[in-house]
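Contents: one structure, followed by commentary.
The values are calculated or read from the model by the stated rules, or taken from the named source; none is laboratory data. Small disclaimer: the values here were computed from a predicted structure and weren't measured. Neighbour counts are summed over all protein chains in view; Cβ atoms, including those assigned to glycine, are modelled from backbone coordinates with ideal geometry.
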Amino acid sequence: MDKNIKILAIESSCDETAAAVVENGRSVKSNIISSQIELHKLYGGVVPEIASRKHIEKINYVIREALNEAGETLDSIDAVAVTYGPGLVGALLVGVAEAKAIAFAKNKPLVGVHHIEGHICANYIEHHELEPPFLCLVVSGGHTHLVDVKDYGVYEIIGRTRDDAAGEAFDKVARSIGLGYPGGPKIEALAREGNKEAIKFPRAKVDDAPNDFSFSGLKSSVLNYLNKCEMKGEEVNRADVAASFQEAVVDVLSTHGVEAAKNLGYRKLAIAGGVASNGAFREKIQTRCREAGIAFYHPSPILCTDNAAMIGAAGYYEYMNGARSGWDLNAVPGLKIGQR
């Protein structure tokens, strides 16, 4: 196809209201994000009702800005892509309703996009040479998945968490040592001041599923350590706790990812999701990939957290595969990867 395909993408699955214009799946012409982090810090986490109201306030603004920055109009774009799951149902509904309204008014194709598939496709934006098949380790507040990317739009989960997602564990441990929300960046910052070998926290393995993860035991181990220190009247070195906890998480993630890639015979491993912006994780898995002779890919931090550019990338490949959503497209908060 000679024509350049321009996708207007909308993302509103949690607490970022975002819009982007992406050309041919890999060229980002604009990527506008309105974050609510400062607002939700007051409550120690995302409040769904507040998030939904803020999406309503900001969504027209971010779309206008995305079109202006890209030098496009609603008439010049070729399709509208929108996250329809998984996520917070009220937040998702704002984006879905907006996308449907634009697509209907302008007679443009509508493409519903899976949020996690968007995270995977963020790797295409900065790594134009990356093509399926490859293995992707998706690590976020709600998901820890090992995904076999067989082709564009064709995915198989070969490993997942049995309990807490890695990002969820970061948030819970951050609260337990008084860091507050958002936990991931605060743990990472404090860990730089600590000794990652100071405390030996466990690395869980699932005997009957070597690709699966479990972080609830690690979280409980941190809480038990803190309780013992309190009962004994011992001072807690929060930096050492943060560094030792973080090391346990990134050790498990990188080990599982590299071993799974080798078992599949893949020489390409990518990471995605909010936790993929963690510097210690990136350094650890990059080192292990290099030692194993595996090419390593990761998005820039801005493309790891929720954004619309990744939805535009995923939406482009769905569009090229012939995927079209009807006017009955709805929010699906528990949408499974690969589900349509």
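Looking only at the stretch 99-119, residues that are over 20 Å from the mean Cα position of the chain (by Cα) and either acidic (Asp, Glu) or farther than 14 Å from residue 308 by Cβ (or both) come to 10 in all.
Scanning the stretch 222-251 for residues that are more than 18 Å from residue 172 (Cα to Cα) and either touching a residue at least 12 places away in the same chain (Cβ under 8 Å) or in contact with a Leu (Cβ under 6 Å, 6 or more places away or on another chain) (or both) yields one hit, 251. Within the stretch 232-247, the set of residues being of a type in the set (A, V, I, L, M), modelled with pLDDT of 95 or more and either surrounded by fewer than 22 Cβ atoms within 10 Å (Cβ to Cβ) or not assigned by TED's automatic domain parsing to the domain that holds residue 202 (or both) comprises just one member, 239.
The number of residues in the stretch 136-154 being surrounded by fewer than 21 Cβ atoms within 10 Å (Cβ to Cβ), among the hydroxyl-bearing types (Ser, Thr, Tyr) and either in contact with a strand residue (DSSP E or B) (Cβ under 9 Å, 6 or more places away or on another chain) or within 18 Å of residue 217 (Cβ to Cβ) (or both) comes to 0.
Within the stretch 34-116, which helices (runs of 4 or more DSSP H) (wholly inside it) include 2 or more residues that are in contact with a helix residue (DSSP H, G or I) (Cβ under 8 Å, 6 or more places away or on another chain) and without any contact (Cβ under 8 Å) to a residue 40 or more places away in the chain?
Filter on the stretch 34-116 gives 48-70.
Taking only the stretch 235-278 into account, find how many residues are in a helix (DSSP H, G or I), under 18 Å from residue 143 (Cα atoms) and not aliphatic (A, V, I, L, M). Of the residues in that region, 8 qualify. Cβ-Cβ distances below 7 Å connect no pair with a first residue in the stretch 311-338 that is without any contact (Cβ under 8 Å) to a residue 40 or more places away in the chain and at negative phi, a second residue that is of a type in the set (A, V, I, L, M, F, W, C) and in a loop (DSSP other than H, G, I, E, B), and a separation of six or more residues or different chains. Which residue out of 53, 64, 26 is on the phi < 0 side of the Ramachandran plot, surrounded by 16 or more Cβ atoms within 10 Å (Cβ to Cβ) and either at pLDDT 95 or above or under 21 Å from the mean Cα position of the chain (by Cα) (or both)? Only one candidate qualifies: 26.
Applying the criterion of being among the hydroxyl-bearing types (Ser, Thr, Tyr) and in contact with an Asp or Glu (Cβ under 6 Å, 6 or more places away or on another chain) to the residues of the stretch 168-216, the residue that is surrounded by the most Cβ atoms within 10 Å (Cβ to Cβ) is 214. Restricting attention to the stretch 287-332, the residues that are assigned to a helix (DSSP H, G or I) and surrounded by fewer than 17 Cβ atoms within 10 Å (Cβ to Cβ) add up to 7. Across the stretch 67-78, which residue is farthest from the chain's Cα centre (by Cα) among those that are small (Gly, Ala, Ser) and more than 24 Å from residue 322 (Cα to Cα)? So the residue we want is 71.
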